[in-house]
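Just so it is clear, none of the values below were taken in a lab; they were calculated from the coordinates. Not measured: the values here are computed from a predicted model. Cβ coordinates were reconstructed from backbone atoms using ideal geometry, including for glycine residues, and neighbour counts include every protein chain displayed.
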Amino acid sequence: MTDMKDHYWNRMVPELTVTDFSASLDFYVDVLGFDIMIRRQDPDFAYISLGEAQLMLEKYHPEGWNTADLIRPLGRGVNFQIEVDDIEQMLDRIKTNGQTLYRDLRDNFYQTGESTVCQREFLVQDPDGYLLRFSQYIE
């Protein structure tokens, strides 16, 4: 686990309800390389980080923040963009672990005011179907 006193806390951190906590935690930590910052049980919960990106995972339980029945894929209508320093390294981790991509690696160009920036990105789904968009800005 990460040393808490030296860590930066984002002001907005998505908390994902997951159906199989062990599978989700293994995916985020072992496959993607996230670090565990906080780990609690009853219900299972983890606060995780990858660089400056932070997420919380919580096992589904009846007293949770449930607004409706959970129907796969979870998180419909949202994708979580996670900026990384080395997109190829992240892609290799995912492929090495036998994960299927939702969208292959490609360069996308976005208008930002007067200029255009290039963002190299791919998308993958976690065990519950949450959509993760890994990106790297290209000069």
Inter-label distance for residue 10 and residue 68, nm, one decimal - labels placed 7 Å from Cα along Cα-to-Cβ: 2.4 nm
Distance in nm between pseudo-label sites at residue 30 and residue 112 (7 Å out along the Cβ direction from Cα): 3.6 nm
From phi via Karplus (6.51, -1.76, 1.60), per-residue ³J(HN,Hα) for the range 50-58 in Hz, x at Gly/Pro: 9, x, 8, 7, 9, 9, 10, 10, 9
Under Karplus coefficients 6.51, -1.76 and 1.60, residue-wise ³J(HN,Hα) of the range 112-120 in Hz, glycine/proline x: 10, x, 8, 10, 10, 10, 9, 10, 8
Using alpha-carbon coordinates, inclination of helix 87-96 to the longest axis of the chain, degrees: 50 degrees
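What does the helix-only formula give at 222 nm for the chain: each DSSP H stretch with n ≥ 4 adding -39500 (n - 2.57), the total divided by the residues, and the result rounded to the nearest 500 deg cm²/dmol? Spell out each step's value before the answer.
Details: 2 runs with 16 residues, N = 139.
The helix-only estimate for the chain comes to -3000 deg cm²/dmol at 222 nm.
If you place +1 on the Cβ of every Lys and Arg and -1 on the Cβ of every Asp and Glu, how big does the dipole about the Cα centre of the chain come out, in debye to the nearest 20? Could the numbers behind the result be given before it?
Values: 13 positive and 25 negative charges, 65 e Å.
Computed about the Cα centre, the dipole is about 320 debye.
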Distance (nanometres) between label positions extended 7 Å along Cα→Cβ at residue 20 and residue 79: 2.4 nm
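Let me have the relative contact order for the chain, percent, based on Cα pairs under 8 Å that are six or more residues apart.
Values: 226 pairs, mean separation 30.0, N = 139.
Worked out over the chain, it gives 22 percent.
Compute the length gained on full extension between residue 52 and residue 138: take 0.36 nm times their separation in residues and subtract their Cα-Cα distance, giving the result in nm to one decimal. Spell out each step's value before the answer.
On the way: separation 86, 0.36 × 86 = 30.96 nm, distance 1.83 nm.
Gain on extension, residue 52 to residue 138, equals 29.1 nm.
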